[in-house]
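> Before I ask anything, let me first share the structure, which is written out below as structure tokens.
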Amino acid sequence: MVRRARIPDAKAIHKLLITYAKDGMMLSRSLSEIYEAIRDFYVFEGPDGTVVGTVCLHICWEDLAEVRSLAVAEESGGRGIGRQLVEKCLEEARDLGLKRVFALTYKPLFFQKLGFGEIEKAELPHKIWSDCIKCAKFPECDETAVRIDF
């Protein structure tokens, strides 16, 4: 079940994100950053009540948001959890009147199946790159930029 994240979910979100950050698959987020942005997060709660997936919709500008921090527990992969989480973000983006949503990803095919198209990173506003400076791979980013327009 996809639902809004709550304060008690922060540590589980952090644990999921750290797993992927250690492998260089996403930026690390501190527990403090997660608490500060908890209202931007959704979680997928498994049948036993544990958080097995998470995603964040980060609003960047009046017409632009980013899907970030998408992570699904390895043992829960392949069940459509990531798709459901991203779809929830897209639903919220439409409800807010946003016109575009982007993501930086190592799995562009996943996003393309949801209607995103590949774009040049140069199309993204420079403001977006403020988080990229924290990445060990900056400025040699090897992620793919994808975007969906409404």
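> Here are Ala93, Ala122: which of them is assigned to a helix (DSSP H, G or I), of a type in the set (A, V, I, L, M) and out of contact with any strand residue (DSSP E or B) (no Cβ under 8 Å at 6 or more places or on another chain)?
Ala122
> Please indicate, with yes or no, whether at least one residue in segment 54-62 is at pLDDT below 95 and in a loop (DSSP other than H, G, I, E, B).
Within segment 54-62 (the criterion being at pLDDT below 95 and in a loop (DSSP other than H, G, I, E, B)), the answer is yes, since at least one residue qualifies.
> OK, next. One residue is enough: does segment 68-83 have a residue meeting the conditions of a type in the set (Gly, Ala, Ser) and touching a Cys at 6+ places or on another chain (Cβ under 8 Å)?
Checking segment 68-83: at least one residue is of a type in the set (Gly, Ala, Ser) and touching a Cys at 6+ places or on another chain (Cβ under 8 Å).
> Another question about this same structure. Going by the structure shown, is Ile34 within 30 Å of Glu120 (Cα to Cα), part of a helix (DSSP H, G or I) and either touching a His at 6+ places or on another chain (Cβ under 8 Å) or of a type in the set (Ser, Thr, Tyr) (or both)?
Against the criterion (within 30 Å of Glu120 (Cα to Cα), part of a helix (DSSP H, G or I) and either touching a His at 6+ places or on another chain (Cβ under 8 Å) or of a type in the set (Ser, Thr, Tyr) (or both)), Ile34 qualifies.
> What pairs come out if I take residues in segment 80-106 that are under 14 Å from Leu70 (Cα atoms) and pair them with residues that are among the polar types (S, T, N, Q) whose C-beta lies under 8 Å away, six or more apart or interchain?
So the pair list comes out as Leu85/Thr54; Leu104/Thr144; Thr105/Thr144; Tyr106/Thr144.
> I'd like to verify a number: residues in segment 67-90 that are outside any helix (DSSP H, G or I) and surrounded by fewer than 18 Cβ atoms within 10 Å (Cβ to Cβ), how many?
So the answer is 4.
The values are calculated or read from the model by the stated rules, or taken from the named source; none is laboratory data. This structure is a prediction, so every number in the text was calculated from the model and none was measured. Neighbour counts are summed over all protein chains in view; Cβ atoms, including those assigned to glycine, are modelled from backbone coordinates with ideal geometry.
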